[in-house]
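Step one of this worksheet: look at the structure below.
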Amino acid sequence: MMHSIGPMKQHVSHRASNRVEVLVGDAEQLHNLLSNAEAALLPSAVIAGTAGVLVTRHGPNRYTVALCDSVPFGETRELDAG
């Protein structure tokens, strides 16, 4: 399922219940898109109760937001892989 947000280059793609891919075309929207992706994962995180959220930057326009067992429950961490 893909949700378009703003211009066509920006979207949040829900590929799995524990991972969201964010593609950004407008840097001004980055914070909102990442916040929305994190909010989409929170219900799964609460149910599992064992994973935190890892935000990974793969490049200037591509991010993933995922539940991660190595991040303590209730925390969000960032990783720059780009």
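Annotations for the structure displayed:
- Electrostatic bookkeeping for R57 treats Lys and Arg as +1 and Asp and Glu as -1; over the other residues with beta carbon under 11 Å from its beta carbon, the sum is -1.
- Virtual spin-label span in nm between L79 and A27, 7 Å along Cα→Cβ: 2.5
- If R0 equals 25 Å, the separation of the Cβ atoms of D69 and N36 corresponds to a calculated FRET efficiency of about 0.60.
- Summing charges over neighbours of S35, with a neighbour being any other residue whose Cβ is under 14 Å away from its Cβ, gives -3 when K and R count +1 and D and E count -1.
Computed from the coordinates by the stated procedures, all read-outs in this text should not be read as laboratory data. A quick note: this is a predicted structure, and the numbers were derived from the prediction, not measured. Here Cβ is always computed from backbone atoms with ideal geometry, including for glycine, and neighbour counts include all displayed protein chains.
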